[in-house]
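Written out below as structure tokens is the structure these notes cover.
FYI, it's all coordinate maths here, none of it is from the lab. Computed from a prediction, not measured in an experiment: that's the story for all the values here. Virtual Cβ from ideal backbone geometry, glycine too; neighbours counted across all protein chains shown.
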Amino acid sequence: MTDSIQKAVSVGDRARKIYFWGIGPIDAQRCDFARVKLERYRESRMLLHLSTWLEVEDYLERSKGIILPIGSTEQHGPTGLIGTDAICAEAIARGVGEVTQALVAPTINVGMALHHTAFPGSMSLRPSTLILLIRDYITSLARAGFTRFFFINGHGGNVATLKAAFAEVYATLVDLNVPMAEQVQCQVSNWYMCGAVYRLAKELYGDQEGSHATPSEVALTQYVYPEAIKQAPLNESVAKGHTIYGAVDFRRRYPDGRMGSNPALATPEHGKQFYELAVKELSSTYLEFLGAASSQG
Ligand SMILES: [Zn+2]
């Protein structure tokens, strides 16, 4: 982001014009590129990695909350991006950060996806490693004064490990005598479980939503990265309903990586709808989490 864009935006949120060097002011309402630049700039103001420590210190004066996007790097069928779960969680977390003016931590891109690792490109942490990673992330932030940790999750396989990690965190912070350890609270919200998201997915796709490499998550990645939309032939019949064991067994039961889904139904326009519904609902959930947490001291 250039200084000239910063200057235009610094006029205030009502600023609509982006100044392009050598071109002059362009109305962000009339130019998609300028609009995207302005949106990205607004979101970037709440990103931890684009902040200074002085800004974080100021932020802690008004809020102890932070949003942590967590996804996965795993196969998503013949047309889904390997980064689907991380891309979805990150985009939504940034949107929620902007709406609620909450800081957003760096995305945890690799999660617990051991059962996908028989497909090339999939990466996974073991549950025990993910627990340690979460513990270390939260410990460092809690030492700085953060006490409310809101995880926006894009991958069902992370949930059990995240909950185990929270239990580990609470005990560890007390053992380490971290100040305010007793006030630390963690919560995980899965964007794909938002009521409005679930209803729209049912309405648009019915049973073809499936449970992995779903059209709803693929649609969201198409909205975020329209330049990376993939095409590939999809078998009409798709495996579903099998219990998950190891990676080789998973690939044998789900040969193309999909679980009961038809991602060919996805469109970027659907993705925009899912994005907006998830940001709206999770913004409320985050604010409730902060409110409930502070009313308990
Ligand atoms: Zn996924």
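A few points about this structure:
- When both region 115-133 and region 49-72 are represented by their alpha-carbon centers, they are found 27 Å apart.
- For L103, the residues whose amide H sits under 5 Å from its own are I67, ignoring neighbours fewer than 5 places away on the same chain, with H placed 1.01 Å from N.
- H212 long-range amide H proximity, modeled H, under 5 Å: M259, S261
- Charge dipole magnitude, Cβ of K and R +1, D and E -1 - region 142-206, Cα centre, debye nearest 20: 220
- Rough spin-label spacing in nm, given labels placed 7 Å along Cα→Cβ, for A196 and H49: 2.8
- Per-residue Karplus couplings for region 130-136, computed as 6.51 cos²θ - 1.76 cosθ + 1.60 with θ equal to phi - 60°, are listed in order as 4, 4, 5, 4, 4, 4, 5 Hz, Gly and Pro entered as x.
- Each peptide in 230-241, 274-285 gets a packing score, the mean of other Cβ atoms within 10 Å over its residues, and the list from highest to lowest is 274-285, 230-241.
- Using the Cβ-Cβ distance between E182 and C31 with R0 = 41 Å, the FRET efficiency computed as 1/(1 + (r/R0)^6) comes to roughly 0.20.
- Global geometry of region 105-207, whether rounded, prolate or oblate, following the gyration tensor of its Cα atoms and the 1.5 cut on a/c: oblate
- Taking 0.36 nm per residue of separation and subtracting the Cα-Cα distance, full extension of the segment from A228 to K240 would add 1.6 nm.
- Virtual spin-label span in nm between V99 and E203, 7 Å along Cα→Cβ: 1.6
- Cα gyration tensor category, rounded, prolate or oblate, for region 55-145 with a/c compared to 1.5: oblate
- Gyration tensor verdict on region 129-189 (Cα atoms; rounded if a/c is under 1.5, prolate if a/b is larger than b/c, oblate otherwise): prolate
- Computed from backbone phi with θ = phi - 60° and the Karplus coefficients 6.51, -1.76 and 1.60, the 3J(HN,Hα) list for region 241-257 is x, 7, 5, 9, 10, x, 5, 5, 4, 4, 5, 5, 7, 10, x, 9, x Hz; x is used for glycine and proline.
- Highest average first, the peptides 246-258, 90-102 ordered by how many other beta carbon atoms sit within 10 Å of their residues are 90-102, 246-258.
- Taking amide H as placed 1.01 Å from N in the peptide plane, the amide H of I108 sits under 5 Å from that of I70, G71, each at least 5 places away or on another chain.
- Unsatisfied cross-links (Cα-Cα over 26 Å) in the set K64/K163; K163/K230; K163/K272; K64/K202; K64/K272: K163/K230; K163/K272; K64/K202; K64/K272
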